[in-house]
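First comes the structure, then the notes that go with it.
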Amino acid sequence: MPRPPSSPTAPPRSFRWTRRIVLTFLSAFALLPVYVMLSSSLKPLQDVSGKFQWIPSGFTIRPYIDIWDTVPLARYFLNSLVVAGAATVLSVVIAVFAAYAVSRYRFRGRRVFTVAVLSTQMFPGILFLLPLFLIFVNIGNTTGIALYGSRGGLILTYLTFSLPFSIWMLIGYFDSIPRDLDEAAMVDGCGALGALFRIVVPAAVPGIVAVAVYAFMTAWGEVLFASVMTNDTTRTLSVGLQSYATQNDVYWNQVMAASLVVSVPVVAGFLLLQRYLVAGLTAGAVK
């Protein structure tokens, strides 16, 4: 049976084969570290410490049980969940109000505010480490409010990084929503807040989800500030994983197992919200 003729707009066969080869190579490049982590997490410690074997001689789930006893992983997990969740909620709420004000109203200093918010993303985060540390220590000494070494201080720290980008992104997304919808809601009796919550926010769900995912991932995997701004009781996962390395040995199988376990919330959330995330990033980038 003869093959049907290809579409005039279809790419040539050489391009299709090249695309397949490139995608296969990139997939293997991305999945290879995951395979190494998974296989190492199922090996005894003596097998992981020796020469790496692509095909393990034996498997054990003991590392997934020991990770909770070797270090207080549950406490680190709870700290990361509280800090990342609170930073995400605050970032989304504040960004929604700020972006709505900038998008819908014209006021003096509007352009300066927008440029200032965006310009904060030009500086590396390490420049803010010492100033924030000194501010938190001085606030604690003056007012007695313990920000250094507390979850609240770490939440405020992450908020300073996620909030500017969240505001800037939601401004672009709100600008893509017609103002006629706001005016129609106000004609029907809604005020500014009513139009925001009843019209703009439901229409901007993809953008808000994209901002929330960005804020959560920024706080969940941050290491530099978490290693300085926390103590033994408020330590997060990104820093707590270092506790599997002792002076005598490194529990590599437990490190790999813990890394896979703590990655589950982020991966699951990304897969569930992928549709909204792509729509939010795409729509928010175009006015």
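The values are calculated or read from the model by the stated rules, or taken from the named source; none is laboratory data. All of these numbers come straight from a predicted model, not from anything done at the bench. We place every Cβ from the backbone using ideal geometry, glycine too, and count neighbours over all the protein chains shown. Just so you know, the surface numbers come from the protein's heavy atoms only, side chains and all, with ligands and any DNA or RNA stripped out. Shrake-Rupley method; radii C 1.70, N 1.55, O 1.52, S 1.80 Å.
Values as computed for the structure displayed
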quantity	calculated
Output for the stretch 140-181, where each listed residue is among the hydroxyl-bearing types (Ser, Thr, Tyr), over 19 Å from ALA226 (Cβ atoms) and either at pLDDT 85 or above or not in a helix (DSSP H, G or I) (or both)	THR142, THR143, SER166, SER176
Qualifying residue in the stretch 172-189 (condition: open to solvent by 30 Å² or more (accessible area, probe 1.4 Å), within 24 Å of the chain's Cα centre (by Cα) and among the aliphatic types (A, V, I, L, M))	no
Count of residues meeting criterion [more than 20 Å from VAL34 (Cα to Cα), open to solvent by less than 50 Å² (accessible area, probe 1.4 Å) and aliphatic (A, V, I, L, M)] in the stretch 45-80	2
Sole residue being out of contact with any Ser or Thr (no Cβ under 7 Å at 6 or more places or on another chain), part of a helix (DSSP H, G or I) and under 30 Å from TYR148 (Cβ atoms), chosen from PHE29, PHE113	PHE113
Yes/no for VAL89 being modelled with pLDDT of 85 or more, touching a Lys or Arg at 6+ places or on another chain (Cβ under 6 Å), surrounded by 12 or more Cβ atoms within 10 Å (Cβ to Cβ) and not basic (Lys, Arg)	no
Near pairs, Cβ below 6 angstrom, 6+ apart or cross-chain, from the stretch 82-103 (under 16 Å from THR114 (Cα atoms)) to any residue that is part of a helix (DSSP H, G or I) and among the acidic types (Asp, Glu)	SER103/ASP175
Helices (runs of 4 or more DSSP H) completely within the stretch 197-247 that count 1 or more residues being open to solvent by 30 Å² or more (accessible area, probe 1.4 Å)	205-220, 224-229
Residue tally, condition under 30 Å from ASP182 (Cβ atoms) and touching a residue at least 24 places away in the same chain (Cβ under 8 Å), over the stretch 196-231	17
Matching residues, the stretch 149-167, being surrounded by 22 or more Cβ atoms within 10 Å (Cβ to Cβ) and of a type outside the set (Val, Ile, Thr)	GLY153, LEU154, TYR158, SER162, SER166
